[in-house]
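The values are calculated or read from the model by the stated rules, or taken from the named source; none is laboratory data. Because the structure is a prediction, the values reported are computed rather than measured. Here the Cβ is made from the backbone with ideal geometry for all residues, glycine too, and neighbour counts use every protein chain on show.
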Amino acid sequence: MRFLGRSLVALFLLALTVGLLGWAAQISFSALEARQARDGGSRPARERVLAANVLTATPQTIAPVLTTFGEVRARRVLELRAPTAGRIVELSDRFEDGGQVEAGQFLLRIDPAGAEADVAVARADLSGAEAELRDATRALDLAQAELAGAEAQRDLQSAALQRQRDLSQRGVGSTSAVEAAQLALSSAESTILAKRGAIAQAQTRIDSAELAIERARIAVDTALRDLADRELTAEFDGQLSDVSVLAGGLISANEQIATLIDPDALEVAFRLSAAQHSRLLDDRGNLIGAPVRAILDVQGLTIEATGLITRESASVGEGQTGRLVFATLDTARGLRPGDFLRVEVEEPVLTSAIRLPATALSAQSSVLMLGDDDRLSEIAVTLLRRQGDDVLVSGDIAGREVVAERTAALGAGIRVRPLRPESGTSDTDASDIAQVRVETPTLMTLDPERRARLVAFVENNSRIPDPVKSRMLTQLADEQVPTEMVERLESRIGG
């Protein structure tokens, strides 16, 4: 019995040992398979050399162009308003929206009957005042003649009184005769005073008549002006807009009936930020009068006008920011008030500025430089301006080659294969950089077994990121698969 028990224990220990050895062998085999799947049994990967467009950074003297948007406005606008109420009895053939008129051209006439009657009454009043003046003048002449006669009569009475006094002193005259002569002289002097009063009255009549004539003339001028206001003419050459009346219609005083616009006197108003505005000021803080180009793009047709900055708004405006600037347009053919267009303002020139594509500059204002052994290094630069798809920068990069198009795969220390501009092109203008053509990858058709083996390898490989794995599986599901990807996968699985 003891022998049988020991035999069973020995068999149990033997079976346990064989099981443990099998389990260890299985673990080792699984680890080897995982390592083979991870490493692929391939040789160490070679360093990838990426192609990159490069250009030479060359300092230049560049005049930056500031781009903004603005609205065309008219510098000469006249509101045509009715100076008086009435009925329109005549209209010009050109009194319509868009009608071209010339300075002094007749536009419309309001019924002049009432104004003509007022002119006739005013002229009649003027004639009456002039007749009164003539009558007052004749009365003055008559009063002056009567005064002269009264003065002559006084002189005679004075001489008679003197003679009576002489006779009385010699004893041949009487006292009553002297008194009678004194009374006659006193009466003559009273008559003179009366005549002088008549002269004063005549002069007052003349003054009143002259004032009446002045008032009558003013009334005539007013009536003539009212009559002239019944006819509306153009103040300058231009076009009519917002016409709101018709022949025979009634209008009220000061009613706006149209707007006269000079289409050749236009300006553009545009808003700049405070920083942009500061770049257009001189040392005294005044605008430098920078040249501008107003550009209107209409279905492939470009309408341009040039001009100069002339002034700026005195205030920012409620709820607004920046500065409102005005520029007078020299030639504005095809533009109309209200057009919304692009405005390009030429800023003062920048010296030692380097023009690069905007894709060469990172968000941290740095560029990738081509160094020794075609490896990249990152250098910080100063951003001066943005010019569309280009940037103007300054920094210690003059004469060195810069990567024109940064990608996520490029960075400091990466070795690249530089693609330089074609011969004969400028290496300083980013717009002239030769565009590198991307070669179309070659494709191949896979048999079902080969495709299944590649799909299984990609699905079981835990080191491949999920987005990349999804893209690779999508490509493997296509009828034709990139040859480069197939070769790369098969090199990893030892196939």
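Among residues of the stretch 175-199 that are touching a residue at least 60 places away in the same chain (Cβ under 8 Å) and under 15 Å from ALA152 (Cβ atoms), none has a Cβ under 8 angstrom from a residue that is assigned to a helix (DSSP H, G or I) and of a type in the set (Lys, Arg) at a sequence gap of 6+ or on a separate chain. Scanning the stretch 144-157 finds no residues that are within 30 Å of GLY249 (Cα to Cα), in contact with an Asp or Glu (Cβ under 7 Å, 6 or more places away or on another chain) and not aliphatic (A, V, I, L, M). The single condition among (1) outside the structural domain of GLU102 (by the TED database); (2) of a type in the set (D, E, K, R); (3) more than 19 Å from ARG73 (Cβ to Cβ) that GLU312 does not satisfy is (3).
Which of the residues that make up the stretch 143-166 are surrounded by 14 or more Cβ atoms within 10 Å (Cβ to Cβ) and of a type outside the set (Lys, Arg)? Correct list: ALA143, GLN144, GLU146, LEU147, ALA150, GLU151, GLN153, GLN157, SER158, ALA160, LEU161, GLN164. Residue check: is GLU378 in a strand (DSSP E or B), out of contact with any Phe, Trp or Tyr (no Cβ under 8 Å at 6 or more places or on another chain) and within 26 Å of HIS277 (Cβ to Cβ)? In short, no.
Within the stretch 265-287, the set of residues being part of a loop (DSSP other than H, G, I, E, B) and either surrounded by 14 or more Cβ atoms within 10 Å (Cβ to Cβ) or among the hydroxyl-bearing types (Ser, Thr, Tyr) (or both) comprises ALA265, SER273, ARG279, LEU280. Each residue in the stretch 317-329 was checked for being β-branched (Val, Ile, Thr) and over 19 Å from VAL72 (Cα atoms), and 1 of them qualify.
Could you check, for the stretch 348-368, whether at least one of its residues is closer than 27 Å to PHE270 by Cβ, touching a Ser or Thr at 6+ places or on another chain (Cβ under 6 Å), aliphatic (A, V, I, L, M) and in a loop (DSSP other than H, G, I, E, B)? Yes; the residues of the stretch 348-368 include at least one that is closer than 27 Å to PHE270 by Cβ, touching a Ser or Thr at 6+ places or on another chain (Cβ under 6 Å), aliphatic (A, V, I, L, M) and in a loop (DSSP other than H, G, I, E, B). Contact map, the stretch 452-471: first residue closer than 15 Å to MET485 by Cα, second residue part of a loop (DSSP other than H, G, I, E, B) and of a type in the set (Phe, Trp, Tyr), Cβ cut-off under 7 Å, separation 6 or more or different chains; the map is empty.
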